[in-house]
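A.B. asks: I am attaching a structure below and will ask some questions about it afterwards.
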Amino acid sequence: MILSDAEILAAMERGEIMIEPFQRECLGTNSYDVHLSKHLATYRNRVLDAREHNEIDHFEIPREGFVLEPGINYLGSTIEYTETHATVPFLEGKSSVGRLGIDIHATAGKGDVGFCNHWTLEISVKQPVRVYEGMPVAQLIYFTVQGVVLQPYCSKDSAKYNERTQLPVESMMWKNHF
């Protein structure tokens, strides 16, 4: 079941959902709009290796915006820091962003109960498009969880994305054993 606007607000009052900064006008009927931060990153190497630590270079979106180019895997982040302690957050692109040919996540749209951080966005574009810091880029949708959560994401030893940061975070696939 998806939480309505009233249920999102009630969950925030109970401390089950945190959104910082929170702006009431960003709360939709059953979602919350999040915004592109000034932080972007790209991988240093053209060929990535799933078993290796693929390093990234961070940069900031200038005031006049930044043109994203096709064929480049950009990592971005949300301005908003979020915590979810009793629901499953899903990050979905806004339709207005999709209509510009911008994809904001390749595969990682679902968060876990206990995810506490800024969201890293996996951004790709179909044609060149200029983006700006602060533009609405995605929406968070919260789903209820049935049953007891034995171990929230933020307390898992195996969790690779727990370190709080406003910067986009590169793939940590290399930390897996395969």
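The values are calculated or read from the model by the stated rules, or taken from the named source; none is laboratory data. All of these numbers come straight from a predicted model, not from anything done at the bench. Backbone-built Cβ (ideal geometry, glycine too); neighbour counts: all protein chains shown.
A.B. asks: Output the qualifying pairs, or none if there are none: Cβ atoms under 7 angstrom, residues six or more apart or on different chains, first residue in the range 167-178 and under 25 Å from Ile79 (Cα atoms) and modelled with pLDDT of 90 or more, second residue exposed (fewer than 15 other Cβ atoms within 10 Å of the Cβ) and of a type in the set (A, V, I, L, M, F, W, C).
C.D. replies: Met173/Ala50
A.B. asks: Of everything in the range 56-72, what is in a loop (DSSP other than H, G, I, E, B) and either at pLDDT below 95 or more than 19 Å from the chain's Cα centre (by Cα) (or both)? Give them in sequence order.
C.D. replies: If the condition is that a residue be in a loop (DSSP other than H, G, I, E, B) and either at pLDDT below 95 or more than 19 Å from the chain's Cα centre (by Cα) (or both), then Pro62, Arg63, Glu64, Gly65, Glu69, Pro70, Gly71 are the ones that fit.
A.B. asks: Could you tell me which residue of the range 38-50 is nearest to His177 (Cα to Cα), considering only residues that are at pLDDT 95 or above and of a type in the set (D, E, K, R)?
C.D. replies: Asp49
A.B. asks: Could you go through the range 134-154 and let me know if any residue there is surrounded by fewer than 16 Cβ atoms within 10 Å (Cβ to Cβ) and over 27 Å from Met12 (Cα atoms).
C.D. replies: No, every residue in the range 134-154 fails to be surrounded by fewer than 16 Cβ atoms within 10 Å (Cβ to Cβ) and over 27 Å from Met12 (Cα atoms).
A.B. asks: Let me ask another. Where residues in the range 17-47 are loosely packed, with under 14 Cβ neighbours inside 10 Å and in contact (Cβ under 8 Å) with a residue 40 or more places away in the chain, which of them is nearest to Tyr132 (Cα to Cα)?
C.D. replies: Taking the candidates together, the pick is Pro21.
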